[in-house]
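The values are calculated or read from the model by the stated rules, or taken from the named source; none is laboratory data. Remember, predicted model here, so these are calculated numbers, not experimental data. Positions of Cβ are generated from backbone atoms using ideal geometry, with glycine treated the same way; all protein chains shown enter the neighbour counts. For the accessible areas, the whole protein counts, side chains as well, though only heavy atoms, and no ligand, DNA or RNA atoms are used. Shrake-Rupley method; radii C 1.70, N 1.55, O 1.52, S 1.80 Å.
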Amino acid sequence: MLKIKDLQVSYGGIEAVKGIDIEVPDGSIVTLIGANGAGKSTTLRSIVGLVKTKSGSITYNDEELLGMDTTKIVGKGITLVPEGRHVFPDLTVFENLKIGAYMRKDSLDEDIKNIYGLFPRLEERSWQQAGTLSGGEQQMLAVGRAMMSRPKLLMMDEPSLGLAPLIVKGIFDIIETLNKEGITILLIEQNANMALKIADYAYVLETGKITKQGTGKELLSDESIKEAYLGKS
Ligand code: ATP
């Protein structure tokens, strides 16, 4: 279980995260929703040691992650798929996948087979340069690459950003499949509707604070959430 307690993060004098508490139980899908600049990415980046935190604690299975090296955190089974995909454009799909396993010394064949099973499109394009893939294919590759580290907790920052609705549906289906295979998911989404539908539990972040929380179902039917985040849907 991942537990965030009273996390505070400032950039210079600006407080981006103002004391939040979040729990991600093993085996669950938890989502963080909120407008641009609410502090969602900062929270995920704090978990993997990519930003300096001001105070609070982040524990994974009761072990403190704050102050721990990012490589060591990834070694504990926590992986982040950052916003904007960030595949290595000059490398092939296959090479990108192999890089995701850079910390492992065992055979990768089984994992690659599994990822190609989830994303047949990647297998078809195994030798294509990643920079020439479509946006949706690059997102699949970013998820596939994260899978290569065999995460226990997979965190995703806006996986649906800029993708066509059908591709978004495919990505959300994969998230659910991975969860059923036992991977815990912490998901940031602007597409609150889709995220709440698959989430066991959700937090709403507004200007660095949690303003609401509940099961995905509860928040989907919450009038103020509907108005602010769900549009007419
Ligand atoms: P978005 O959905 O737009 O990605 P977010 O909820 O993920 O938003 P963050 O990216 O965490 O929000 O940003 C929270 C606040 O911190 C914003 O006001 C942002 O401008 C600021 N911020 C983020 N990163 C930095 C940085 N490296 N230096 C200074 N300010 C930053």
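Some observations on this one:
- Residues (of a type in the set (Lys, Arg) and free of Cβ contacts under 8 Å to residues at least 40 places away in the same chain) located in the stretch 37-75: Arg45, Lys72
- Candidates are the residues of the stretch 87-106 that are closer than 29 Å to Glu63 by Cα and either modelled with pLDDT of 95 or more or assigned to a loop (DSSP other than H, G, I, E, B) (or both); the one that is most open to solvent (accessible area, probe 1.4 Å) is Lys105.
- Restricting attention to the stretch 1-34, the residues that are of a type in the set (Val, Ile, Thr), near the ligand (Cβ under 10 Å from one of its atoms) and closer than 27 Å to Lys152 by Cβ total 3.
- Checked against the criterion of being open to solvent by 20 Å² or more (accessible area, probe 1.4 Å), in contact with an Asp or Glu (Cβ under 8 Å, 6 or more places away or on another chain) and more than 12 Å from the ligand (Cβ to nearest atom), the stretch 35-48 has no qualifying residue.
- Residue satisfying all of: in the stretch 148-177; more than 16 Å from the ligand (Cβ to nearest atom) and open to solvent by 70 Å² or more (accessible area, probe 1.4 Å); modelled with the highest pLDDT among these: Lys152
- Filtering the stretch 13-34 to residues that are farther than 22 Å from Asp200 by Cα and surrounded by 14 or more Cβ atoms within 10 Å (Cβ to Cβ) leaves Glu15, Ala16, Val17, Lys18, Gly19.
- Residue within the stretch 107-122 that is among the hydroxyl-bearing types (Ser, Thr, Tyr), open to solvent by less than 40 Å² (accessible area, probe 1.4 Å) and part of a strand (DSSP E or B) present: no
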